[in-house]
Amino acid sequence: MTFGSRLAAAVGRFGSLCVGIDPHPSLLAAWGLPDTPAGLDTFSETVLEAVAGSVAVVKPQVALFERHGSRGMAVLERLLKHSTAAGVLTIADAKRGDIGSTMAGYADAWLRDGSALAADALTLSPYLGFESLRPALTAASETGRGVFVLALTSNPEGASVQHVGGEDSVARRIVQAAAAENEGGTPGSVGLVIGATAGAAVRRLGLDLGTLNGPILAPGVGAQGAGRQELLETFAGASGVILPNSSREILSSGPDAARLRQAVATAQSAVDLSGVAEPGTD
């Protein structure tokens, strides 16, 4: 099955919430864990155990593992492996973007069968040109994996690039390019990253999310201020699965597993997207 199909099935079973696994130093300290690879391992495995069987997707923030060097990356490798064994899809939030053989190297690391870092999907940065991502797009297609391409992020600095061009903005071209990759009848596997609070920019830039036929990763839920209303305003009419991502609001409930599970249930209820159009609907 393609990533798009597997994701749609998982969301149909567990709901659309994506839980970020972000072992910030402050969170490790709040959990009473050391800021070491061992602390990362305990943190990550505790979160996975709490959410497995309740959510469709987890999104480890790669930078927070990478800061611990090879031992931190080894923790990430185990997390990806254990997530697969637990039946939880993974999005490696690495935001990779480069050209030629270097992009091909990133594709081999994150999207090829047999790689210790292989995730179900990978976040990508398209700002060397969308076509520079071709090695990753090809690798994902060949192995049944997916990608999420940065399109309209919520950080204020993003507007200086993504909004340029007005009606023919950089963001609009990225949406159009992703939609072209997803043409066909099944749910596409080339997704976008669009901030959950970016509704005003979506409308101002004229982004037609109804043409995407692919998933959208929507960071900014919970502690960053977005709830169901913001999601509906931003993604009304979108033609694919919307994955609201919540990290800090859920993770701050740890390390107690029962409290983590309750936080997940609360977040799932808060981001119920039953009012957003599904593929093939008006």
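The figures follow:
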{"read-out": "Residue among Leu133, Leu122, Leu137, Leu117 that alone is assigned to a strand (DSSP E or B) and crowded, with 17+ Cβ neighbours inside 10 Å", "value": "Leu122"}
{"read-out": "Residues of region 104-136 satisfying the condition of being over 24 Å from Val88 (Cβ atoms) and aliphatic (A, V, I, L, M)", "value": "Ala104, Leu128, Leu133"}
{"read-out": "Tally, over region 1-32, of residues that are part of a helix (DSSP H, G or I) and β-branched (Val, Ile, Thr)", "value": "1"}
{"read-out": "Region 59-73, subset among the hydrophobic types (A, V, I, L, M, F, W, C) and surrounded by 13 or more Cβ atoms within 10 Å (Cβ to Cβ), residue nearest to the chain's Cα centre (by Cα)", "value": "Val62"}
{"read-out": "In region 59-110, residue farthest from Pro244 (Cα to Cα) [restricted to those that are hydroxyl-bearing (Ser, Thr, Tyr) and in contact with a Leu (Cβ under 7 Å, 6 or more places away or on another chain)]", "value": "Ser83"}
{"read-out": "Residue within region 104-111 that is outside any helix (DSSP H, G or I), touching a Lys or Arg at 6+ places or on another chain (Cβ under 9 Å) and under 21 Å from Leu217 (Cα atoms) present", "value": "no"}
{"read-out": "Residue in region 24-37 that is modelled with pLDDT of 95 or more, among the β-branched types (Val, Ile, Thr) and under 22 Å from Gln268 (Cα atoms) present", "value": "no"}
{"read-out": "Within region 190-244, tally of residues that are at positive phi and modelled with pLDDT of 90 or more", "value": "2"}
{"read-out": "When residues of region 220-260 are limited to those that are outside any helix (DSSP H, G or I) and free of Cβ contacts under 8 Å to residues at least 12 places away in the same chain, the one nearest to Ala179 (Cα to Cα)", "value": "Ser253"}
{"read-out": "Of all residues in region 140-161 being without any contact (Cβ under 8 Å) to a residue 40 or more places away in the chain and farther than 21 Å from Thr234 by Cβ, the one that is surrounded by the most Cβ atoms within 10 Å (Cβ to Cβ)", "value": "Thr143"}
{"read-out": "Selection from region 33-58 of residues that are open to solvent by less than 40 Å² (accessible area, probe 1.4 Å), in a helix (DSSP H, G or I) and in contact (Cβ under 8 Å) with a residue 60 or more places away in the chain", "value": "Phe43, Thr46, Val47, Ala50, Val51"}
{"read-out": "All positions within region 179-200 that are touching a residue at least 40 places away in the same chain (Cβ under 8 Å) and among the hydrophobic types (A, V, I, L, M, F, W, C)", "value": "Val190, Leu192, Val193, Ile194, Ala196, Ala198"}
{"read-out": "Single residue of Ser189, Ser125 found to be hydroxyl-bearing (Ser, Thr, Tyr), closer than 16 Å to Ala104 by Cα and within 20 Å of the chain's Cα centre (by Cα)", "value": "Ser125"}
{"read-out": "Residue under evaluation Ala171, criteria (1) under 17 Å from the mean Cα position of the chain (by Cα); (2) under 21 Å from Gly220 (Cα atoms); (3) hydrophobic (A, V, I, L, M, F, W, C), criterion not met", "value": "(1)"}
{"read-out": "All positions within region 175-219 that are under 30 Å from Thr266 (Cα atoms), open to solvent by 60 Å² or more (accessible area, probe 1.4 Å) and assigned to a loop (DSSP other than H, G, I, E, B)", "value": "Thr197"}
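The values are calculated or read from the model by the stated rules, or taken from the named source; none is laboratory data. Please read these numbers as outputs of a predicted model, since none were measured by experiment. Note that we place each Cβ from the backbone using ideal geometry, even for glycine, and neighbour counts take in every protein chain shown. Surface accessibility is based on the protein's heavy atoms, side chains included, excluding ligands, DNA and RNA. Shrake-Rupley method; radii C 1.70, N 1.55, O 1.52, S 1.80 Å.
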